[in-house]
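Please treat every number below as a calculation from the coordinates, not as lab data. Since this is a predicted model, take the numbers as computed values, not measurements. Cβ: placed from backbone, ideal geometry, glycine included. Neighbour counts: every protein chain shown.
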Amino acid sequence: MKKGDHLFLVDGSGYIFRAYHGLPPLTRKSDGLPVGAVAGFCNMLWKLMVSARDTEVGVTPSHFAVIFDYSSKTFRNELYDQYKANRSAPPEDLVPQFGLIRDATRAFELPCIEIEGFEADDLIATYCRLATEAGGDTTIISSDKDLMQLVSPSVSMYDPMKDREIREPEVIEKWGVPPAKMIDLQALTGDSIDNVPGVPGIGPKTAAQLLEEYGDLDTLLERAGKIKQQKRREVIIANADKARLSRELVRLRTDVPVPETLDELVLHPLNGPKLISFLKAMEFTALTRRVADKTDTDLASVGKAKVEVETGAEAHGPDLDTGEPRPAPDKDTSFPGDRAGKVEGKTPQDLANKRIEEAANSKIDTSAYVTIRDADTLKEWIERAKDIGYVAFDTETTSLDPMQAELCGFSLCSEPGVAAYVPLIHKSGTGDLLGGGLAPDQIDTRTALDLLKPLLEDPSVLKIAQNLKYDLVVMNRYGIDVRPFDDTMLISYVLDAGKGGHGMDVLAERWLGHRTIQFKDVAGTGKAKTTFDYVPIDRATEYAAEDADVTLRLWRALKPRLVADGVVAVYERLERPLVPVLAQMEQRGISVDRQTLSRISGELAQKAAALEDEIYELAGEKFSIGSPKQLGDILFGRMMLPGGSKTKTGQWSTSVFVLEELAAEGHELPRKIVDWRQLTKLKSTYTDALPEYIHPETKRVHTSFALAATTTGRLSSSEPNLQNIPIRTSEGRRIRTAFVAEPGNKLISADYSQIELRLLAHIADIPELKHAFENGLDIHAATAAEMFGLDVEKVPTDVRRQAKTINFGIIYGISAFGLATRLGISREEAGDYIKRYFDRFPGIRNYIEGTKKRARDRLYVETIFGRRAYYPEIKASNPQTRAFNERAAINAPIQGSAADIIRRAMIRMDDALKQEKLGARMLLQVHDELIFEAPEKEVDETIRIVRAVMEDAAMPAVSLSVPLQVDARAADNWDEAH
DNA sequence: GTCCGACCGTA
DNA sequence: TTACGGTCGGACG
């Protein structure tokens, strides 16, 4: 936000009550749902968004947000437990409208902001401050006197019902004091509605007069004894404390940790279809037509949105007539933006709890599922899904690899227990004999997909899947996109990272108390294993439809927890948008040169064979060199070499560390074993394995990125793992030369320099480290210089090496023991180093102690973007377990914040490249590095864009106090590009 | 056939 | 001292 920008802040909660009382009563939808306040609200938003210039405000907003009260409990209740205590429950026909107004806000695609523990007014105050500091102007859409304290030259208020702007003169006219004195005025007068005590008998007139005379509340209370009127004097002296308390109650907080930065409040163009589908559902015909005209939307092409209404009655538990648990509403919002469904007395936590209980108590009957065998029935199911507005979807295929998988069928479920499987290419017979022809009564694949595509791509129907990325890759290969979507695996990951797995089987067990049918139970195992198209259709239906049913139930159980736990933004901004990005990267794959690998493999084989002969010679016998057990027996048993150590299972350790020690003492054999291990490792894990992954059609290697595999938020890569391709040794690096660009293209590697240390400097707030990064110093040398009082330029190399080890140690949750092992020094010396480090950088100790305490208090730690990582064993009685969890908890915010930053860069990257009309494709992510393939002629421009996106990736959500630096290079292969 | 530990490749 | 995944040998059924 900058000078000249204009922020509109709508006091959503205030508006609801105002509209309810100020508008014609009882506007109802055809089904009886009261929507008067919603109607007024929508009309107001519409007016402000398209024609604010024509109102008394007279300006067009550049930024816009709607602010709500989160719940009635706030920090003010801690100041004064009677605050707002005599508020009565809202009128019955207003209750369902609370959620609808949030839905309306989202339909307008406006930020809908609420924070636990704060009133809307505090958020508004905070945003006013931020906007003013940024040089912008603000208009608060409200006429609430509680907000008048905020009026200033850059902040005005606007009463939408009277089309009246409120500035300083209006405040003085109404209250007799300028905005700056409103706090003191309210402290004296109190507020019977909010139960702010004030001074009894002092009303606005008297208060204004007193403030006029004494200037402010403090002066007035100080000199209260001089008040001439006896009664007034006595009452003010007697109630001075109440006045002071009242002042704290009415003073708005301007330091609320608001989730959205100003820049995220930028007003976007209207999404016509989305808004219209909501307005249609609300039956606001006049406004619907106006919106259609203005946004050039074809009214007929837009369906009605599905809107869930949480009524107050639901909060009261079982149905009073039957005693049965009330059926949960079978509708949910079709806006993935989501909302709490919250009404007074019914918090997001209440809804989440209710849903979890509902899930745990439901029974799953796999025999009730339907097999769809004809197009007409499929059409009916699709129509039903459209009506309901969401559908759980799952594919069944011939392979776990989505790039090879052939679609066997798919399942749908829009209502718990009501699920169907659509078989497409199932075979009759086992397939072993007679080849197994196509089983009868299956819809032709093309016909079925032509019917399915409009559903999967329908913007008003939410598709719900477990691990959607898999299905997305498969469906993309059949020419179908899937959006919008929710992913139960990712929801679980955001909620419960660190508490266990997020696969459907474990989630079903955890939340539904249900054991799902296992794939191996239907497809067999080992030699008898078949692909899914050979599973008999009735058995396939049970298995596949159950998956969709379970997915839907998990979604119902877990989705509300995102709001209750305050992690909606993590899910919506860091998790969900990455799914299509990764799906594309996986589909693109990377080109790996088979000949290069084959040549290296041959050389490795020769060298290894030569070493083997020498090893047998030295050992005096042939043995399995790759067997640590046999090797240990030879080295420490037969040859009686010294200095052996044991692993935790009592075996001799033959780790590199042990072998290197022996080699240093002059033994020949251990050296050769180390070399042999390196060669065979490279051969078996890389040069021999990688070619097996070259796709027969694309001729490229397609890894799979797991989004929900780590506790910290990092991705992982498998089949093949392209995040552990060798780089440290020259022999290993040769493997990277096999990763190449297509002719006419280059590979670009862009990596964050020292991102974790930079984040440590930011998070722990270490001025010396920040300074070093700002000035582009060698960070490890600078650390050494700071620790030992040296000149940065003159740090000896091995002192620098030690400082580097300590720096990494800090990030990993250092211990004297670990550092000693690493540096090969005594525990005491290592302890001294750590102490010296902490003394030089006291912020580090604070960070470590603070993080451990938070982890113990809450069982989780979080990244700078609010991603949580749970450490449920942080309080284990076993000191080793506890210490391990503490170190992991210290590491997680740093590693996780870095992971979040590169995720943000990846999410933005494709758009940024497209905007510059660049043909670059993002192929791989290796934790702090992104690999692209780009047309040769566009390399320089691509690097420019890539660096900009990566370096600014934390913004605007988090403004780092340390610059991020990205190094990027282009070459024909990965080795030279890195 | 399946599981686990040791080892080792990456950030 | 953090976070992963793959390969191997060896034990178990």
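Data table
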{"read-out": "Percent of Cα pairs exceeding the 47 Å cut-off, where the set is chain A", "value": "39"}
{"read-out": "Kirkwood hydrodynamic radius over Cα pairs of region A:937-978, then Stokes diffusion coefficient at 37 °C and 0.692 mPa s, in µm²/s", "value": "281"}
{"read-out": "Rounded tilt (10° steps) of A:537-564 against the dominant C-alpha axis of chain A", "value": "50"}
{"read-out": "A:PHE17 versus A:ARG446: modelled label distance in nm, points set 7 Å from Cα along the beta carbon direction", "value": "6.4"}
{"read-out": "Hz values of 3J(HN,Hα) by residue in region A:616-628 - Karplus curve (6.51, -1.76, 1.60), Gly and Pro given as x", "value": "4, 4, 5, 7, x, 6, 8, 7, 7, 5, x, 9, x"}
{"read-out": "Centre separation in Å (Cα based) which lies between region A:501-561 and region A:113-129", "value": "44"}
{"read-out": "Amide H contacts of A:LEU923 (H built 1.01 Å from N, under 5 Å, at least 5 apart or other chain)", "value": "A:ILE931, A:PHE932, A:GLU933"}
{"read-out": "Cα-based convex hull, region A:354-566, per residue volume (Å³, whole number)", "value": "121"}
{"read-out": "Interchain or long-range residues, amide H under 5 Å from A:ARG164's placed H", "value": "A:ASP159"}
{"read-out": "Net lengthening on full extension, A:SER367/A:ARG638 (0.36 nm per residue, minus Cα-Cα)", "value": "91.2 nm"}
{"read-out": "Trypsin sites (Lys or Arg not before Pro) restricted to region A:67-116 and DSSP loop, no more than 14 other C-beta within 10 Å", "value": "A:LYS73, A:ARG87"}
{"read-out": "Degrees between helix A:797-811 axis and first principal axis of chain A (Cα, 0 to 90, nearest 10)", "value": "50"}
{"read-out": "Sequence-distant residues sharing a close amide H with A:VAL370 (under 5 Å, placed H)", "value": "A:ALA419, A:ALA420, A:TYR421"}
{"read-out": "Translational D in µm²/s for region A:842-910 (Stokes-Einstein at 25 °C, 0.890 mPa s, Kirkwood Rh from C-alpha pairs)", "value": "193"}
{"read-out": "Nearest 10 degrees, 0 to 90: helix A:939-951 Cα axis against chain A principal axis", "value": "60"}
{"read-out": "Farthest positive-ward along chain A dipole, Cα basis, beta-carbon charges - from A:ALA420, A:LEU618, A:THR680", "value": "A:LEU618"}
{"read-out": "Nearby lysines by direct alpha-carbon distance to A:LYS681 (threshold 17 angstrom, same-chain neighbours under 8 apart not counted)", "value": "A:LYS607, A:LYS672"}
{"read-out": "Sites matching chymotrypsin sites (Phe, Trp or Tyr not before Pro) across region A:453-519 that sit in DSSP coil, with at most 15 neighbouring C-beta atoms within 10 Å", "value": "A:TYR478"}
{"read-out": "Beta bridges per DSSP with both ends in chain A, % antiparallel, nearest 5", "value": "65"}
{"read-out": "For region A:767-840, Kirkwood radius (reciprocal of mean inverse C-alpha pair distance, Å)", "value": "12.3"}
